[in-house]
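> Below are the structure tokens for one structure; questions will follow.
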Amino acid sequence: MGIIELVFDRNFCPVMLPIKIIIFLVFHVIIMAFININVIFDLYNDPMKPEIFFFAILFSCVCVTAQTVSIPDPNFEQALITRNIDSDGLINGQVLVSDVANVTTLIFDSSNFNETQIASLTGLEAFTNIETLEIVFSQITTLDVSHNIMLKNLNCRNNWLTSINVSLNPLLENLYIGNTWDLAPYNDIRQLDLRHNPNIKIIDVSNLAGGMNWINLKNGNNNPDMEIQLGFSMPSPANTNVVCIEVDNEDLALNNQYPYSEWYVVNGYNALYNYSGNCTLFTQNPLNKDLYIYPNPVSDVLYILNPNGTVINNVQLYDVSGRLVVEYKNVGDSGINVSMLAKGVYVIKIPDGTTITSRKIIVE
């Protein structure tokens, strides 16, 4: 028996219904060619063909829902209409999947008032081939790009974001989540997980409202083409923050060896950073979280910044064999002089009650 004959069998059997439904959906294109509105009305009036009428109605419903995606934000939909993406040209809360499936670039206009009022990008999940997305100075508080697996460039500066998840975007190369210095809205993102983004090259976390604390770049592919933009455009003591950058190889990073020697870290005002192989440990206690030791490598004066106000009374310097080389008391803003030390790697230890904070430094 042929496919069409099987689907349109007059001898209706309930046991065969699921099989008929499957076959009908698989070959719906062929069947649809033989079904029109007149046939449906004929079937409705023919008591010998109730199962065919059921299939036809079922198929019609499936076709309608499968072709559109919901766009509940009217400003988002208007932006799609302006760009000739939404083909029906109507703000009706939906767009054809076929209209958006092959879109590779979507850049919203921050000078267009209506587009700055976009509060939701629901529907973005249907843009499965998008490679470049730019939405800045909008009202969005969340951004879901988990379905946009082809995404390479994401610019979402100056929104109301407090987190961003790019774990399902393995092709991502450029990520801009910071802010322009004094213009609202402001992103306030504290942690950035890039463990699943081996192709990442540019990261902009500058001018974040509360300051970035942790960038996890332990992705197994730390490449030499990395650019990281930290800090603030203007000096502001209230915004001083320390960023822990988690890397594949802590020793190479701390010794400024390849590929980390090639990294371009744009260190703006009030931006302090440390490389670590485990930032979880770095952020466990208040001293570890905020303490910053710089410059590293160092040739003369080493500064220890502790923004939380804890007084540092004792600093110890050990060589790689574990021998205490020198101990400093009452360390203040003037730092400690290491110019008399031999070049090499040292471990600096700072006792803080019941804990000891340790860092590797390089004297050159």
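> Tell me, which strands (runs of 3 or more DSSP E) wholly within the range 198-256 include 2 or more residues that are at pLDDT below 95 and surrounded by fewer than 20 Cβ atoms within 10 Å (Cβ to Cβ)?
In the range 198-256, there are no strands (runs of 3 or more DSSP E) which contain 2 or more residues that are at pLDDT below 95 and surrounded by fewer than 20 Cβ atoms within 10 Å (Cβ to Cβ).
> Residues Ile312, Ile336, Ile350: which one is buried (at least 17 other Cβ atoms within 10 Å of the Cβ), at pLDDT 85 or above and over 25 Å from Glu227 (Cα atoms)?
After ruling out the rest, the residue left standing is Ile336.
> Working only within the range 150-165, note down all residues that are among the basic types (Lys, Arg) and under 21 Å from Trp214 (Cβ atoms).
Residue satisfying the conditions is Arg157 alone.
The values are calculated or read from the model by the stated rules, or taken from the named source; none is laboratory data. The model shown is predicted, which means the values in this text are computed figures rather than measured ones. Please note: Cβ atoms are built from the backbone with ideal geometry, for glycine as well, and neighbour counts cover all protein chains shown.
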